[in-house]
């Protein structure tokens with residue numbers, strides 16, 4: 001475990017990565033360290049390309065997805081880059097590691113009429129939990145924010161008077177997302193219900209559990225899946241499906257892709273361009289149905 005703790009402190013306090021990225025790095029590095037120990041390999045700062053390759057091969061043989069393996073490879077690359085920066089190593093054992101190819105899967109999204117049906121016609125209930133669940137769904141869909149951003153959202157950053165929500169994204173990068181008056185009204189309803197349910201609460205996070213505590217990832221996932229399965233058959237019904245839905249619907253309505261990039265908090269336009277595939281598929285379908293010689 002030598003150097004791992006030092007690296008994790010660097011990631012947490014200097015790079016200011018999210019706690020979710022921190023946990024992933026910690027898990028991946030500890031797994032590789034355990035693999036090395038179990039197979040009588042040298043400690044991490046003495047590992048070579050062959051040791052890393054052996055681990056990658058084992059992961060693939062265990063049935064790990066290429067995406068998962070690539071994430072672990074990325075964690076090791078960051079770790080060894082840090083060791084070079086600190087003068088511990090001169091070369092990284094990751095330089096010759098080839099990442100497995102990932103199968104390109106287009107993001108699943110919920111149809112616009114299905115989202116309208118869920119938000120306009122479904123009865124979530126008018127108690128605190130019902131209002132909160134509805135707002136979780138609508139917040140993810142209306143803003144396109146990530147699950148981690150929803151959980152970390154502070155009450156002080158939800159500014160209904162200004163019709164703005166300030167989101168703290170990856171690497172602590174802030175972005176402003178505009179909202180409508182109608183959505184602001186929904187937010188106020190939840191805020192009033194929260195105040196009634198927990199009059200003495202001073203938790204800074206905007207969303208709370210039914211016991212007045214901060215949200216956690218599993219709860220958000222369960223809430224989203226519970227309601228999305230009422231209106232859609234998309235394979236993945238978690239919070240990220242609503243982020244995909246936000247982007248796809250914006251593109252279908254003619255929004256500029258660079259504007260969507262900023263709203264989503266993407267560092268690179270290439271991350272946003274994956275949504276154009278969904279839009280293009282829709283255009284192809286319309287073309288085949290409408291053009292007399294298609």
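The values are calculated or read from the model by the stated rules, or taken from the named source; none is laboratory data. Just so you know, these numbers come straight off a predicted model, no measurement behind them. Cβ atoms come from the backbone with ideal geometry, glycine included; neighbour counts cover every protein chain shown.
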Inset, instruction - Report the residue count in the stretch 117-127 for those that are surrounded by fewer than 20 Cβ atoms within 10 Å (Cβ to Cβ) and either in a helix (DSSP H, G or I) or not assigned by TED's automatic domain parsing to the domain that holds residue 226 (or both). - result: 4
Inset, instruction - Select from the stretch 100-113 the residues that are over 19 Å from the mean Cα position of the chain (by Cα) and surrounded by 13 or more Cβ atoms within 10 Å (Cβ to Cβ) and write down the one among them that is modelled with the lowest pLDDT. - result: 100
Legend entry - Criterion: out of contact with any strand residue (DSSP E or B) (no Cβ under 8 Å at 6 or more places or on another chain), over 24 Å from residue 20 (Cα atoms) and assigned to a helix (DSSP H, G or I) - qualifying residue of 233, 196: 196
Inset, instruction - Show the residue pairs that are 6+ apart or on different chains and have beta-carbon atoms under 7 Å apart, the first residue being within the stretch 120-134 and free of Cβ contacts under 8 Å to residues at least 12 places away in the same chain and on the phi < 0 side of the Ramachandran plot, the second being surrounded by 11 or more Cβ atoms within 10 Å (Cβ to Cβ) and not in a helix (DSSP H, G or I). - result: 130/124
Inset, instruction - Please determine, by comparing only the residues of the stretch 66-80 that are under 15 Å from residue 101 (Cα atoms) and in contact (Cβ under 8 Å) with a residue 12 or more places away in the chain, which one is surrounded by the fewest Cβ atoms within 10 Å (Cβ to Cβ). - result: 67
Legend entry - Unique residue being over 19 Å from residue 246 (Cα atoms), part of a helix (DSSP H, G or I) and at pLDDT below 95 when the list is 171, 132: 171
